[in-house]
Amino acid sequence: MDLKNLIREVPDFPTKGIGFKDITTLLKDHQALRYTSSRIVEQFRDKKITKVLGIESRGFILGGVLAFELNAGFVPVRKKGKLPAEKIAQTYHLEYGTDAIEIHRDALSPDDVVLIHDDLLATGGTTNAVLNLVKKVGVSSIYLSFICDLGFIQNPSKQSLQAYNPHILVTY
């Protein structure tokens, strides 16, 4: 199945010059959704994943499906201030300023085997922040999964993720 043809590109969103990769057109097609989740599950079925971390917000959509299919728990990685219980946070740099992501303090333990999932890998900044959060807890067995990679973006933050051999379905 050609997933790239099922992903809509929205020009000039969220700002002029950006071609936003919109996976909602893939998600609304039940065959494409099943195919996409199956491909990711096949990649990680034998890894003994115990927790799937879905990065806000589109990472939540397949993250829950992956957790279910892998017999793992699901952990939402949220933007600062969105989680109700005690949490740990990681700040990271954006083009103009900083942001922070959080997980509940009791979401992970050092013996967990973690799959971090998001819809899109662009600069790697958010994923590196999630990696740092996971490492703060002492988790050492970590895998990465993305539906799309903006392969034309190359920087040190993104390059550092190659050590985790990220699983990617579509590269632009």
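The values are calculated or read from the model by the stated rules, or taken from the named source; none is laboratory data. Quantities reported herein were computed from a predicted structural model and do not represent experimental measurements. Note that we place each Cβ from the backbone using ideal geometry, even for glycine, and neighbour counts take in every protein chain shown. For accessibility, only protein heavy atoms count, side chains too; no ligands or nucleic acids. Shrake-Rupley method; radii C 1.70, N 1.55, O 1.52, S 1.80 Å.
Of all the criteria given as (1) β-branched (Val, Ile, Thr); (2) surrounded by fewer than 21 Cβ atoms within 10 Å (Cβ to Cβ); (3) in a helix (DSSP H, G or I), the one not satisfied by Thr15 is (3).
Here Lys79 fulfils each of the conditions (1) farther than 19 Å from Lys135 by Cα; (2) open to solvent by 70 Å² or more (accessible area, probe 1.4 Å) apart from (1).
Screening the stretch 83-149 for strands (runs of 3 or more DSSP E) wholly inside it with 3 or more residues that are open to solvent by 30 Å² or more (accessible area, probe 1.4 Å), farther than 13 Å from Leu53 by Cβ and not β-branched (Val, Ile, Thr) returns the ranges 87-94. In the stretch 66-82, the residues that are β-branched (Val, Ile, Thr) form Cβ pairs under 7 Å with partners that are in a loop (DSSP other than H, G, I, E, B), at six or more places apart or across chains, as follows: Val75/Ala107; Val75/Leu108; Val77/Glu56.
Would it be correct to say that Lys48 is of a type in the set (D, E, K, R) and on the phi > 0 side of the Ramachandran plot? Answer is yes for this residue. When every residue of the stretch 69-80 is checked against the conditions, at least one turns out to be assigned to a loop (DSSP other than H, G, I, E, B), small (Gly, Ala, Ser) and closer than 26 Å to Lys47 by Cβ. I'm told Met1 meets every condition in (1) over 17 Å from the mean Cα position of the chain (by Cα); (2) outside any loop (DSSP other than H, G, I, E, B) except one. Can you identify the failing condition by its number? With respect to (1) over 17 Å from the mean Cα position of the chain (by Cα); (2) outside any loop (DSSP other than H, G, I, E, B), Met1 is out only on (2). Restricting to the stretch 18-49, give me the number of residues that are closer than 18 Å to Pro166 by Cα and either in a helix (DSSP H, G or I) or open to solvent by 50 Å² or more (accessible area, probe 1.4 Å) (or both). Qualifying residue count for the region: 13.
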